[in-house]
Amino acid sequence: VEDVKQTGDFLVSLLPLLFMVPAVGLMACWEQIRSEILKMILLIAVTTVLTFGVSGLLTKLFHKGGEQDG
């Protein structure tokens, strides 16, 4: 457990670095992004819902398949 905790703490300490670069990139391109932001938000929302739906349906399908074999 201590090895996992040590590795987890290390990875968590890297998170700000991993998120800083994309945030700076977005700020640098804000003038280009601003006119399209509503389209981007809508696209992200729709694809997120579709991903949840497809994942749920596939999980349900695979779960039913496992019951028939067992």
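The values are calculated or read from the model by the stated rules, or taken from the named source; none is laboratory data. Given the structure is predicted, the values throughout are model-derived calculations rather than measurements. Accessible surface areas use protein heavy atoms only, side chains included; no ligands, DNA or RNA. Shrake-Rupley method; radii C 1.70, N 1.55, O 1.52, S 1.80 Å.
Given the -39500 (n - 2.57) contribution per DSSP H run of 4+ residues, what per-residue ellipticity at 222 nm results for the chain, rounded to the nearest 500 deg cm²/dmol?
Details: 3 runs with 65 residues, N = 70.
-32500 deg cm²/dmol, from helical runs alone.
Once neighbouring chains are kept in place and the probe is 1.4 Å, which whole percent of the accessible area of the chain is contributed by carbon and sulfur? Before the final figure, lay out the partial values.
On the way: 4910 of 6610 Å².
Exposed carbon and sulfur together represent 74 percent of the surface.
Determine the gain in length on full extension of the stretch Val4-Ile33; use 0.36 nm per residue of separation and subtract their C-alpha separation, reporting nm with one decimal. Walk me through the numbers on the way to the answer.
On the way: separation 29, 0.36 × 29 = 10.44 nm, distance 3.98 nm.
Full extension from Val4 to Ile33 adds 6.5 nm.
Where the Cα atoms of the range 1-41 are projected onto their three principal axes, how long is each span, largest first, in whole Å?
For the range 1-41, the Cα extents along the three principal axes come out at 49, 19, 6 Å.
On C-alpha positions alone, give me the angle between the axis of helix 37-69 and the longest principal axis of the chain, in degrees, nearest 10.
20 degrees
I'd like the orientation of helix 2-28 relative to the chain: the angle between its Cα long axis and the longest Cα principal axis, in ° from 0 to 90, rounded to 10.
Taking the Cα atoms of the chain, the angle to 2-28 is about 50 degrees.
Keeping all protein chains in place and using 1.4 angstrom, which order do Met20, Met40 fall into by accessible surface area, from largest down?
Working: Met20 110, Met40 85 Å².
Ranking Met20, Met40 by accessible area, largest first, yields Met20, Met40.
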